[in-house]
């Protein structure tokens with residue numbers, strides 16, 4: 001597995017890097033035998049240390065976790081515990097799920113855009129109805145079942161996930177609603 005351990009405006013020593021590698025390796029291999037990459041970033045937020053980690057699995061899923069504490073090792077342990085909990089839930093869902101995936105998740109390339117927000121404080125109508133694009137980047141759309149998409153969204157700690165539905169090859173969206181439930185948009189099932 002490839003590790004990328006860094007600090008934002010702080011030095012991460014060799015002892016901490018060794019500790020992070022051994023703990024992440026132990027946690028991830030306990031639940032998933034095929035991790036490919038781990039990205040861990042340490043930073044400071046006022047008086048606390050913050051640890052953010054993302055582990056990419058060979059199935060195409062990502063696990064993201066965040067921890068914070070007054071000591072850097074405690075911040076990492078909080079992050080690792082959260083990741084352990086997410087992986088345990090993911091493994092339990094896979095075991096309970098009747099659908100087992102033999103092949104890795106397939107991805108399709110797409111364009112993603114960031115549009116500029118309206119900066120008019122009095123709410124006047126803009127002169128042009130064309131939005132100002134401030135960033136354009138490539139995005140990857142996974143081909144998943146609806147259950148796997150919900151798991152991926154929860155593992156990545158993301159509010160929304162766009163995916164290609166394996167059942168009908170249509171582009172679908174799952175999102176977290178304000179009431180805490182999960183919403184699913186399937187344009188092919190509308191009549």
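The values are calculated or read from the model by the stated rules, or taken from the named source; none is laboratory data. Everything numeric in this text was worked out from a predicted model, so none of it was measured. Glycine also receives a Cβ, built like all others from the backbone with ideal geometry; neighbour counts cover every protein chain displayed.
Listed here are the residues, each with its yes/no results for (1) at negative phi; (2) at pLDDT 70 or above; (3) assigned to a helix (DSSP H, G or I).
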residue: 50; (1), (2), (3): yes, yes, no
residue: 64; (1), (2), (3): yes, yes, no
residue: 79; (1), (2), (3): yes, yes, yes
residue: 86; (1), (2), (3): yes, yes, yes
residue: 89; (1), (2), (3): yes, yes, yes
residue: 98; (1), (2), (3): yes, no, no
residue: 119; (1), (2), (3): yes, no, no
residue: 124; (1), (2), (3): yes, no, no
residue: 138; (1), (2), (3): yes, yes, no
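Being at positive phi and either modelled with pLDDT of 85 or more or in a loop (DSSP other than H, G, I, E, B) (or both) is the requirement here; does residue 157 meet it? Quick ask: steps written out before the conclusion?
Values: at positive phi: yes; either modelled with pLDDT of 85 or more or in a loop (DSSP other than H, G, I, E, B) (or both): yes.
Yes.
Report, by residue number, each residue of segment 170-183 that is touching a strand residue (DSSP E or B) at 6+ places or on another chain (Cβ under 8 Å) and either farther than 18 Å from residue 61 by Cβ or not in a strand (DSSP E or B) (or both). If you could, list the steps in order and put the result at the bottom.
First, the residues of segment 170-183 that are touching a strand residue (DSSP E or B) at 6+ places or on another chain (Cβ under 8 Å): 170-177, 182-183.
Correct list: 170, 171, 177, 183.
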- Any hit, segment 12-28, residues being farther than 26 Å from residue 91 by Cβ, in contact with a strand residue (DSSP E or B) (Cβ under 8 Å, 6 or more places away or on another chain) and assigned to a loop (DSSP other than H, G, I, E, B): yes
All conditions in (1) out of contact with any helix residue (DSSP H, G or I) (no Cβ under 7 Å at 6 or more places or on another chain); (2) modelled with pLDDT under 85 are true of residue 31 except (1)
